[in-house]
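Here is the structure we will look at.
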Amino acid sequence: MFTVEQRDALRARMLEVAEEDELVVAGAAVGSLAVGSGDRFSDLDLTFAIVDSVPIAEALDRWTRILTEELGAVRLTDLEAESTVYRIFLLPEALQFDLSLTPAADFRPKGPKFQLLFGETAPGEPEPSKGGLSIPTPAVAEDIFGWGVIYALHARACIERGRVWQAEHYVDALRDHALSLACLNRGLPAAQARGYDDLPAESLAAYDRTHVGSLDHHTLRTALAAATRALLGEAANAELPHADAVGEWVAEFR
């Protein structure tokens, strides 16, 4: 598990990168750490404004090279929301970093957990997040695995915080992504559980202990461990390039 010092060091390095990048004109911390409500389990969330004349994808490529080549990060998945692109990384010791880039013309708070660190926000009122009840996951092995890992990280943090109902939700989401990846690996429908019942019995046996029968700490940890093992096993079956590294970083979950 990462330390607060490791998270602070990553934050400092990312702000150095932003300062050196001529494409970056503003930056902010977002999430719980931005408003002082975070804890030692909180991940790092930073967002930056990019000059309007440069495509976000081009700017994101440079950040990705630094994170992967210099810091050994693994890209878990991307999420697009209007003009903002979020790229979620996992670093050694299971440190999650959520990076988002937005054209300068659209760079403004999307909620109350926003702390401007440098530069200026665009004129206009803050834009509330339009998130729904669930985040759609493309039926692509890398993205299914990436979101599964994210849910494992969130489940672990919620268990440690004593937020048992939220932990149960994330363990279930983790299990569903492992099952979806199992379906994809076997040529079965991966969306909306359509292929679950057609999985071989020996494959489904790996999920016997992934159900949360009660909300005590031990049961939640047992289900999280079983679901994490199942996800990593399916990632190995799919020969995903970063499965081994991620498995080492989340080893304590198992």
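The values are calculated or read from the model by the stated rules, or taken from the named source; none is laboratory data. These numbers come from a predicted model, not from an experiment. Using ideal geometry, Cβ is built from the backbone for each residue, glycine included, and neighbour counts are taken over all protein chains shown. We work out accessible area using only protein heavy atoms, side chains counted, and drop any ligands, DNA or RNA first. Shrake-Rupley method; radii C 1.70, N 1.55, O 1.52, S 1.80 Å.
Numbers for the structure displayed
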quantity	calculated
Scope region 184-197; condition among the acidic types (D, E) and surrounded by 12 or more Cβ atoms within 10 Å (Cβ to Cβ); matching residues	none
Filter pass, Y207 being under 22 Å from I88 (Cα atoms), hydroxyl-bearing (S, T, Y) and either modelled with pLDDT under 95 or out of contact with any Ser or Thr (no Cβ under 6 Å at 6 or more places or on another chain) (or both)	no
Boolean, E239 is charged (D, E, K, R) and within 22 Å of the chain's Cα centre (by Cα)	yes
Residues located in region 39-62, provided they are touching a helix residue (DSSP H, G or I) at 6+ places or on another chain (Cβ under 6 Å) and open to solvent by less than 30 Å² (accessible area, probe 1.4 Å)	S42, L44, L46, F48, A49, I50
Matching entry among A226, A251, A243 (being surrounded by 14 or more Cβ atoms within 10 Å (Cβ to Cβ), out of contact with any strand residue (DSSP E or B) (no Cβ under 7 Å at 6 or more places or on another chain), free of Cβ contacts under 8 Å to residues at least 24 places away in the same chain and within 24 Å of T77 (Cα to Cα))	A226
Residue, surrounded by the fewest Cβ atoms within 10 Å (Cβ to Cβ), within region 65-121, restricted to residues that are free of Cβ contacts under 8 Å to residues at least 40 places away in the same chain and of a type in the set (A, V, I, L, M)	V85
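Table: residues versus (1) assigned to a helix (DSSP H, G or I); (2) touching a strand residue (DSSP E or B) at 6+ places or on another chain (Cβ under 7 Å); (3) under 15 Å from A235 (Cβ atoms); (4) touching a residue at least 40 places away in the same chain (Cβ under 8 Å).
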| position | (1), (2), (3), (4) |
| --- | --- |
| Y151 | yes, no, yes, no |
| W165 | yes, no, no, yes |
| Y170 | yes, no, no, no |
| L174 | yes, no, yes, yes |
| H177 | yes, no, yes, yes |
| P189 | no, no, no, no |
| S203 | yes, no, yes, no |
| A206 | yes, no, yes, no |
| H218 | yes, no, no, no |
